[in-house]
Amino acid sequence: MLARKKQQNPDEKIRVLVVDDSAMIRRLLTTILDRSPFIEVVDSACDANDARSKIKHYNPDVVTLDIEMPGMDGLTFLERIMRLRPTPVIMCSTLTQKGAESTLKALSLGAVDFVAKPTNDVAAQLEGYADEFVAKIRVAAKVKFDHAHANSLTADPMKAVKQRTHPKV
């Protein structure tokens, strides 16, 4: 599975699917992202099963994904996404902190980036991350995976990454 720079029409909005088991977080993230003139939240999902069907239906450019969810956890779901339908994913969880084990695991499984979800005063804290979150989604949208190699993951998915883009946003 190779990642390369994605050619995107500058007039097209980045289509995002928000996946989180908390209805409040889904609403907050949707509100924050929808304010950006570059992003359209196509839908949200409360768990991996819901997200799976919505990924098939909407074919989003980027998925935001929580780690702690009922049923299948976000890391297991991320691994399946990368194996079956590689899509740029940004992890958004209270467990994703710089250097945290779950963050490193998510990045090794193919996540493009992460955002640490706050545990206190969530609405205000997420608002404080809004610009950073939008910037990360814009960068993630520029990553394109080679779907022809989707079912042939290497033992270390990070070795399969050919190029990550870090354009100015």
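The values are calculated or read from the model by the stated rules, or taken from the named source; none is laboratory data. Owing to the predicted nature of the structure, the values given are computational and were not obtained by experimental measurement. Please note: Cβ atoms are built from the backbone with ideal geometry, for glycine as well, and neighbour counts cover all protein chains shown.
Quick notes
- Scanning the range 95-149 for residues that are aromatic (Phe, Trp, Tyr) and modelled with pLDDT of 85 or more yields PHE114, PHE133.
- All positions within the range 81-114 that are surrounded by fewer than 17 Cβ atoms within 10 Å (Cβ to Cβ) and without any contact (Cβ under 8 Å) to a residue 24 or more places away in the chain: GLN97, LYS98, GLY99, ALA100, GLU101, LEU104
- Filtering the range 31-44 to residues that are surrounded by 18 or more Cβ atoms within 10 Å (Cβ to Cβ) and either in contact (Cβ under 8 Å) with a residue 60 or more places away in the chain or in a loop (DSSP other than H, G, I, E, B) (or both) leaves ILE32, LEU33, SER36, ILE39.
- Restricting attention to the range 45-61 and to residues that are of a type in the set (S, T, N, Q) and under 13 Å from ARG85 (Cβ atoms), the residue that is surrounded by the fewest Cβ atoms within 10 Å (Cβ to Cβ) turns out to be SER53.
- Positions within the range 16-29 being surrounded by 17 or more Cβ atoms within 10 Å (Cβ to Cβ) and either without any contact (Cβ under 8 Å) to a residue 60 or more places away in the chain or part of a strand (DSSP E or B) (or both), in sequence order: VAL16, LEU17, VAL18, VAL19, ASP21, ARG26
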